[in-house]
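The structure under discussion appears below in the form of structure tokens.
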Amino acid sequence: MDYFGYELRRKREAAGMRLADLGSVIFCTGSLVGQIETAKKVPTREFAERADAALMTDGFFSRLVGLVLRSQLPSWFQPFADMEGRAAYISTYQCQLVYGLLQTEAYARAVLSVEQGDRLEEMVAARMERQRILRREQPPVMWTVLDEAALHREIGGPDVMREQLGHLLTLFGRPWMELQVLPFSVGQHSSMMGSFTLLRFDDHPEVHYSESYDQGHMTANPQVIRRRSVGYARLQAEALSPRESAALIARVMEERYGKQPGPDARSVA
């Protein structure tokens with residue numbers, strides 16, 4: 001952040017622009033520009049892209065902002081985020097929440113607001129930055145098994161959930177992505193201990209990742225990878241097919257989070 005701010009000020013002054021001048025060009029206040037220059041505020045990717053255009057810096061800030069946003073992630077999570085960004089294949093089981101790479105901004109903000117009130121916007125921006133790997137020309141292959149509980153756990157209110165489930169429905173049919181729902185009817189299953197993620201690489205041993213309350217656990221132990229890979233295959237076998245999963249998501253979205261009449265609504269004969 002310090003380096004980003006220093007370079008922003010240096011290039012702004014080299015262009016003969018005051019804080020307010022640059023702010024007016026990139027549609028923000030001069031005060032915000034000043035806060036970013038002094039590392040008191042984290043720049044967004046949109047800010048960086050507009051600064052590049054205004055200062056004609058050939059993508060310098062757009063390249064740098066990825067590192068800035070990554071630095072906002074918890075220190076214990078950053079190693080996994082780095083590995084996630086390099087993975088060729090991501091397979092994950094999520095028992096309570098939608099996986100971070102698949103969250104909408106509003107859903108992510110609701111999740112993070114529970115414990116990140118003072119740094120909420122920075123954490124949301126960092127989570128959205130993680131999702132850029134799915135928009136690469138060659139994105140990782142991603143397979144997600146989502147417990148049905150995550151569909152029913154209301155995060156952020158009905159509108160947020162409706163948007164989130166609608167977003168999940170847009171993912172079906174993408175060539176590098178599959179999504180299955182593990183229904184309540186399965187009962188006990190091979191991952192009762194909680195969520196986990198397996199990362200596979202073209203030139204690196206596979207990695208298993210899980211979380212406790214305040215830290216992440218990564219291992220490349222072959223025995224762990226073997227056991228969790230078998231467990232994941234069992235989850236895939238027990239989960240609904242992608243087509244059935246999409247139908248369940250759509251049904252929950254409409255029945256649980258569908259538009260409800262307001263308090264002043266009147267029935268019509």
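Just so it is clear, none of the values below were taken in a lab; they were calculated from the coordinates. Source: prediction; values computed, not measured. Ideal geometry is used to build each Cβ from the backbone, glycine not excepted, and the neighbour counts take in all protein chains shown.
Looking at M193, M253, M161, which one is hydrophobic (A, V, I, L, M, F, W, C) and either surrounded by fewer than 12 Cβ atoms within 10 Å (Cβ to Cβ) or over 24 Å from the mean Cα position of the chain (by Cα) (or both)?
Numbers: M253 fails: either surrounded by fewer than 12 Cβ atoms within 10 Å (Cβ to Cβ) or over 24 Å from the mean Cα position of the chain (by Cα) (or both); M161 fails: either surrounded by fewer than 12 Cβ atoms within 10 Å (Cβ to Cβ) or over 24 Å from the mean Cα position of the chain (by Cα) (or both).
The unique qualifying residue is M193.
For the range 184-220, which residues satisfy the criterion of being assigned to a loop (DSSP other than H, G, I, E, B) and in contact with a Ser or Thr (Cβ under 9 Å, 6 or more places away or on another chain)?
Correct list: M193, G194, S195, E206.
Specify which of the listed residues (R45, R86) is touching a Ser or Thr at 6+ places or on another chain (Cβ under 9 Å) and within 20 Å of R136 (Cα to Cα).
Result of the check over R45, R86: R45.
Is it the case that A14 is under 30 Å from S210 (Cα atoms), out of contact with any Pro (no Cβ under 7 Å at 6 or more places or on another chain) and among the hydrophobic types (A, V, I, L, M, F, W, C)?
no
Which condition from (1) within 30 Å of M193 (Cα to Cα); (2) in contact (Cβ under 8 Å) with a residue 60 or more places away in the chain is the one that D82 breaks?
(2)
Just name the residue that is surrounded by the most Cβ atoms within 10 Å (Cβ to Cβ) out of those in the range 113-126 that are in contact (Cβ under 8 Å) with a residue 40 or more places away in the chain and of a type in the set (D, E, K, R).
Checking each candidate, the answer is E122.
One line per residue, one yes/no per condition, for (1) surrounded by 19 or more Cβ atoms within 10 Å (Cβ to Cβ); (2) among the charged types (D, E, K, R); (3) assigned to a strand (DSSP E or B):
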{"site": "L8", "(1), (2), (3)": "yes, no, no"}
{"site": "K11", "(1), (2), (3)": "yes, yes, no"}
{"site": "A20", "(1), (2), (3)": "no, no, no"}
{"site": "E49", "(1), (2), (3)": "no, yes, no"}
{"site": "R63", "(1), (2), (3)": "no, yes, no"}
{"site": "S75", "(1), (2), (3)": "no, no, no"}
{"site": "T92", "(1), (2), (3)": "yes, no, yes"}
{"site": "V98", "(1), (2), (3)": "yes, no, no"}
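So which residues in the range 33-47 are free of Cβ contacts under 8 Å to residues at least 12 places away in the same chain, buried (at least 16 other Cβ atoms within 10 Å of the Cβ) and assigned to a helix (DSSP H, G or I)?
Q35, the sole residue that qualifies.
Within the range 133-149, take every residue that is part of a helix (DSSP H, G or I) and over 15 Å from the mean Cα position of the chain (by Cα) and give me the one that is surrounded by the fewest Cβ atoms within 10 Å (Cβ to Cβ). Spell out how you get there, then give the answer.
Taking the range 133-149 as the starting set, the residues that turn out to be part of a helix (DSSP H, G or I) are 133-135, 148-149.
Pick out the ones that are also over 15 Å from the mean Cα position of the chain (by Cα) and you get 148-149.
Working: E148: 20, A149: 14.
Applying the filter and picking the extreme gives A149.
Here are V160, V224: which of them is farther than 17 Å from C95 by Cβ and touching a strand residue (DSSP E or B) at 6+ places or on another chain (Cβ under 7 Å)?
V224
Taking the options V252, V181, name whichever one is in contact with a Leu (Cβ under 6 Å, 6 or more places away or on another chain), outside any helix (DSSP H, G or I) and not basic (K, R).
Values: V252 fails: outside any helix (DSSP H, G or I).
The conditions single out V181.
Residues of the range 77-90 being surrounded by fewer than 18 Cβ atoms within 10 Å (Cβ to Cβ) and out of contact with any strand residue (DSSP E or B) (no Cβ under 7 Å at 6 or more places or on another chain), which ones?
Q78, D82, G85, R86
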